Amino acid sequence: MTELARSRAAGLIATRRGRWLSGGAVLLPVALVVVACGTDIGSSPTTVRVTRGNVERTVAATGALQAITEQNLGFSNGGKLVALMVTVGQQVSAGQVLARLDDFDAQADLQHAQATLDRNQARLDKVRDGNQTEAAKDDHDAAKDVYDATKDQSDAMDQANSDSLDQAHQQLDDDQDSLKQARQRAGYDQAKCNRSLTGGSQRYDGYGDNADVTSKDNKGLLLESPLKLHSPSCDRADHGKAAVASYQRRIEHDRDTIKAIERRGDIDHARQRVEVENARRQATAAKDAADGAQNDRPNDIEEAEAEVADAQVDVRRAQRGVDDTVLKAPVAGTVASINGTVGEYLGSATGTTPLAPGSRASLPDLDSGVGGKDSSGSKAQRPGGPSFLTLKDVNSFQVVAPYEESDAALIAPNQKVEVSFDAVPGLTEVGTVSSVAPAGTQIQDVTNYYVSVVLNGVDPRLKGGLTAETKVVVGNVDNVLVVPTAAVQRGGQSGVVRVMQPDGTQRGVQVLLGMVGDTYTEIVDGLEEGQQVVLAG
């Protein structure tokens, strides 16, 4: 190693040691405060207020600084050129709008993406705030009440039919006993009536109160007597016979009643059994629905949150499509060539018209003979080649850095880049992504894509070959509710934040996350501005 190299290395080590010492001097009081809090007031955690702010998400890689003097510009997506703000030979500054494409389709895509996001957000709010779970539980409780009532009604009806049947049997038994007694009394009265009226030689016909009495002559022939007999025992006998006939009829009626009650009981029991089974099935279905609603609620919320997150990505992508219809100068320079005029469709630069310097007139056609020739005698190609617009005299730098494929997939032209340098502490330049390699390169068995970043400004301390760290801003949102990322316990697109209550207690709150940045995280739902959240220890 040469003496100059040793001197530069020692200086770099001293510089870094100085930075480390400086960082330690800053962190030491913070560490002391944390220790003091943990020792003296361990019950008072560090809190921050929920505020509105901006969130940026970046991906980083390290590359080498290279000097450039020319830059080719174009639109990331083709389209119809509707505005051209510069002419060939014009000096432009960094950030100046150079041209615009028709943004009708891009705006329509953005509106569609926003409508989808609003619809998914409404569905998420409905799932979170809805009472499907409580309604399903109420339905189950109501169905169970119906089942219990139906079963009680069935049991009551069976009991009523059983009681009626018992009463009918009891009535039959009573009537049969009464019949037996009536027969006995009637027989007794009839025998007494016969003895009192005929003295044993006459008989009673048994057909009424005024029955005829007959006698026999010496030859045994019956002799009629007009005499009508009247006796109390005979009257009782007649009444007894009537009572016997009445009880016989009642017994037949009792038996018919028993059969009717049995038939009615069978029918009522079968009908009630069907109603009880239907009520039981409805109660079971309501219980399954309530259990399913309870079990599905977390999954439904996560699914709705995922759909909202996807829709947010689509909105940002559509917004990027709208932004990409505007071409801005990433650095200051001179417009060297423009290949396209208002009304033409830009894509791969074929079929566009090269404009003459300082005007909106087109260059002469190459076949007209006016065009020049190159050193080989061939017809000169259009200025700037296939590029829509070329800047000369850029006098700037670019960084070419390899990004891993997962990060490279998020990078697109015209994105903002923050560039820092180890050799120049404290210097951070703003750059713009100019292009992303279409094919990957294997670096230590990992697929990487080279990304070219153009610096928007030039600092005299910068030199070609310096190591530069690039941070590409792949997403940003403005004026949203934010909390420090350290305060969120993430789980996919949702998370939990500890909120400090007015009484000093902490409460875990589930939140829906938007963009997760390097320092701050967007809170889509779950918190309100002004609340105090607890930072992780």
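The values are calculated or read from the model by the stated rules, or taken from the named source; none is laboratory data. Note that the coordinates shown come from a computational prediction; the quantities given were computed from them, not determined experimentally. Positions of Cβ are generated from backbone atoms using ideal geometry, with glycine treated the same way; all protein chains shown enter the neighbour counts. Just so you know, the surface numbers come from the protein's heavy atoms only, side chains and all, with ligands and any DNA or RNA stripped out. Shrake-Rupley method; radii C 1.70, N 1.55, O 1.52, S 1.80 Å.
Quick look at the values:
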read-out	value
Computed accessible area, MET85, all protein chains, 1.4 angstrom probe, square angstrom	80 Å²
Length released on extending from ASP503 to THR334, taking residue separation times 0.36 nm less the Cα-Cα span	54.4 nm
Surface accessible to a 1.4 Å probe, LYS80 within the full protein complex, Å²	80 Å²
Net charge of Cβ neighbours under 13 Å - reference VAL534; Lys, Arg +1; Asp, Glu -1	+3
Listed residue pairs exceeding 23 Å between alpha carbons, taken from LYS392/LYS463; LYS392/LYS471; LYS151/LYS287; LYS80/LYS416	LYS392/LYS471; LYS80/LYS416
With every protein chain in place, region 416-469: carbon and sulfur % of accessible area (1.4 Å)	49 percent
At 0.890 mPa s and 25 °C, Stokes D of region 90-186 from Kirkwood alpha-carbon radius, µm² per second	108 µm²/s
Fully extended contour minus Cα-Cα distance, from LEU410 to ALA437, at 0.36 nm per residue	8.4 nm
Two-site FRET efficiency, VAL424 against ASP518, from Cβ-Cβ distance with R₀ of 25 Å, rounded to 0.05	0.70
Most to least packed among 397-409, 251-263 [average Cβ atoms within 10 Å]	397-409, 251-263
Sites ALA156 and HIS253 - FRET efficiency at Förster radius 30 Å, r taken between beta-carbons, to 0.05	0.65
Heavy-atom surface of region 109-172, accessible at 1.4 Å and reported per residue (Å²)	63 Å²
At R0 = 56 Å, FRET efficiency that the Cβ-Cβ distance of ALA83 and THR46 yields, to 0.05	0.60
Stretchable slack from ARG461 to ALA115, in nm (0.36 nm times residue separation minus alpha-carbon distance)	119.7 nm
